[in-house]
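The values are calculated or read from the model by the stated rules, or taken from the named source; none is laboratory data. Keep in mind the model is a prediction, meaning the values are calculated, not measured. Note that we place each Cβ from the backbone using ideal geometry, even for glycine, and neighbour counts take in every protein chain shown. Heads up: the accessible areas ignore ligands, DNA and RNA and are worked out on the full protein's heavy atoms, side chains in. Shrake-Rupley method; radii C 1.70, N 1.55, O 1.52, S 1.80 Å.
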Amino acid sequence: ASPAMDRLRPAYSTSTQSRMVVAGVSANETTVYVSRVNQDEIWPLDEPEDSNDVNKAFEFDVANYLGTADKITGLGSFEQNRLVVFAADRALIYRTDPDYTRWLLDDNANIFIGCASHNTIQNAGTDLLFCSRSGIHSIKRSEDNGILVYSYSISDKIDLLYRELFNSVEDPETISAVFDQDEGQYHVYFPQPGGKLCRRLTLAMNPEGGEPQPKFSEGQFLNSRCGAFLNGRFVIGTTGGIYDVLK
């Protein structure tokens, strides 16, 4: 409903603190746009220039924090009030609030690993999973002090297989993933050249919590290319249609 945002056509979106957040605008590849509180049709260019409302839409540029010619590659929400801005080589975490003047960069989060595809970013309990060029990673809060936020690699044990799958894809941004909450499984889909075949890598999380001891499996069933999970229902998308996955 926003004429200004319709012209910008952002590529990535998420939500946090009753605001919609988007990025991936071709002309402004390091800018994050945030909607007005509870009004996702109002964006920065739609606001009056003299507005002092703390709930107004706003935007900010992360180029100074990246320090290179890097650009935003994805967005994710973490916990109740954290926004994760992914670039190709690092991730920035912001503490968010309905009041835009209280948005701050989290100095206790130093994540120097990037996201290869926005479509792989998935919330898994209290963690945030995503795929980088080198493997599957998780962002989580330290259990020791409860302050530090860090990332760690989950797929080290299948490093060569993951790199083979990643390199088999023509465009890394076509890689997608879904987290099946009921089964504790993170499915990653790697579309193969030609548009018909797709390989799937499944990570089974540790149901007991704590430090995960994941198990992996690979498959090509139905050549599924993407998936979605909501309220106990897990569906997959294929070149032949959409399928329900029954328990």
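Here's a check for you: in the range 11-32, which residue that is in contact with a helix residue (DSSP H, G or I) (Cβ under 6 Å, 6 or more places away or on another chain) and not in a loop (DSSP other than H, G, I, E, B) is farthest from Ser117 (Cα to Cα)? Quick ask: steps written out before the conclusion?
So in the range 11-32, the residues in contact with a helix residue (DSSP H, G or I) (Cβ under 6 Å, 6 or more places away or on another chain) come out as 12, 25, 30.
After this cut, where a residue has to be not in a loop (DSSP other than H, G, I, E, B) as well, the list is 12, 25.
Values: Tyr12: 10, Val25: 15 Å.
Here the answer is Val25.
Scan the range 64-96 for residues that are touching a strand residue (DSSP E or B) at 6+ places or on another chain (Cβ under 8 Å) and aliphatic (A, V, I, L, M) and jot them down.
Step one: list which residues in the range 64-96 are touching a strand residue (DSSP E or B) at 6+ places or on another chain (Cβ under 8 Å), which gives 65-66, 70-79, 81-88, 90-96.
Correct list: Leu66, Ile72, Leu75, Leu83, Val84, Val85, Ala87, Ala88, Ala91, Leu92, Ile93.
Exactly one of these conditions fails for Ala69: (1) open to solvent by 50 Å² or more (accessible area, probe 1.4 Å); (2) touching a residue at least 24 places away in the same chain (Cβ under 8 Å); (3) among the small types (Gly, Ala, Ser). Give me its number.
The one condition Ala69 does not meet is (2).
Considering only the range 141-158, how many residues are closer than 15 Å to Leu203 by Cβ and either open to solvent by less than 50 Å² (accessible area, probe 1.4 Å) or of a type in the set (A, V, I, L, M) (or both)?
Filtering the range 141-158 down to residues closer than 15 Å to Leu203 by Cβ leaves 152-158.
Okay, now just the ones that are also either open to solvent by less than 50 Å² (accessible area, probe 1.4 Å) or of a type in the set (A, V, I, L, M) (or both), so 152-155, 158.
Total meeting the criteria: 5.
Which one of these is in contact (Cβ under 8 Å) with a residue 24 or more places away in the chain, closer than 24 Å to Leu105 by Cα, β-branched (Val, Ile, Thr) and out of contact with any Phe, Trp or Tyr (no Cβ under 7 Å at 6 or more places or on another chain): Val25, Val34, Val62?
Of the residues listed, the single one that is in contact (Cβ under 8 Å) with a residue 24 or more places away in the chain, closer than 24 Å to Leu105 by Cα, β-branched (Val, Ile, Thr) and out of contact with any Phe, Trp or Tyr (no Cβ under 7 Å at 6 or more places or on another chain) is Val62.
Pick out, from the range 116-175, the strands (runs of 3 or more DSSP E) lying fully within it that include 1 or more residues that are in contact with a Lys or Arg (Cβ under 7 Å, 6 or more places away or on another chain) and of a type in the set (A, V, I, L, M).
Result: 149-153.
Taking Arg90 as the residue in question, decide whether it is open to solvent by 30 Å² or more (accessible area, probe 1.4 Å) and of a type in the set (Lys, Arg).
Criteria met by Arg90.
If you take the residues in the range 128-140 that are of a type in the set (Ser, Thr, Tyr) and modelled with pLDDT under 95, which one is least open to solvent (accessible area, probe 1.4 Å)? Don't jump to the end; show me each part of the working.
Taking the range 128-140 as the starting set, the residues that turn out to be of a type in the set (Ser, Thr, Tyr) are 132, 134, 138.
If we keep only those that are modelled with pLDDT under 95 as well, we get 134, 138.
Details: Ser134: 40, Ser138: 0 Å².
For the range 128-140, the residue satisfying everything is Ser138.
Can you tell me which residue within the range 212-231, out of those that are open to solvent by less than 30 Å² (accessible area, probe 1.4 Å) and assigned to a strand (DSSP E or B), is modelled with the lowest pLDDT?
Among them, the one singled out is Gly219.
With respect to Ile113, is the statement that it is crowded, with 17+ Cβ neighbours inside 10 Å, part of a loop (DSSP other than H, G, I, E, B) and in contact (Cβ under 8 Å) with a residue 24 or more places away in the chain true?
yes
Name the pairs: first residue in the range 158-170 and acidic (Asp, Glu), second residue loosely packed, with under 13 Cβ neighbours inside 10 Å, Cβ to Cβ under 9 Å, at least 6 apart or on different chains?
Correct list of pairs: Glu170/Pro193.
Evaluate the range 170-178: report whether one residue or more is open to solvent by less than 10 Å² (accessible area, probe 1.4 Å) and more than 17 Å from the chain's Cα centre (by Cα). Before the answer, list the steps.
The first filter runs over the range 170-178 and keeps only residues open to solvent by less than 10 Å² (accessible area, probe 1.4 Å), leaving 175, 177-178.
Filter again for more than 17 Å from the chain's Cα centre (by Cα), leaving none.
No - not one qualifying residue is present in the range 170-178.
Within the range 40-56, which residues are open to solvent by less than 70 Å² (accessible area, probe 1.4 Å), of a type outside the set (Asp, Glu) and either assigned to a loop (DSSP other than H, G, I, E, B) or within 14 Å of Thr14 (Cα to Cα) (or both)?
Ile42, Trp43, Ser51, Val54, Asn55, Lys56
Quick test of your reading of the structure: Phe234 fulfils all but one of (1) over 24 Å from Ala11 (Cβ atoms); (2) touching a residue at least 40 places away in the same chain (Cβ under 8 Å); (3) not in a strand (DSSP E or B). Name the failing condition by number.
(3)
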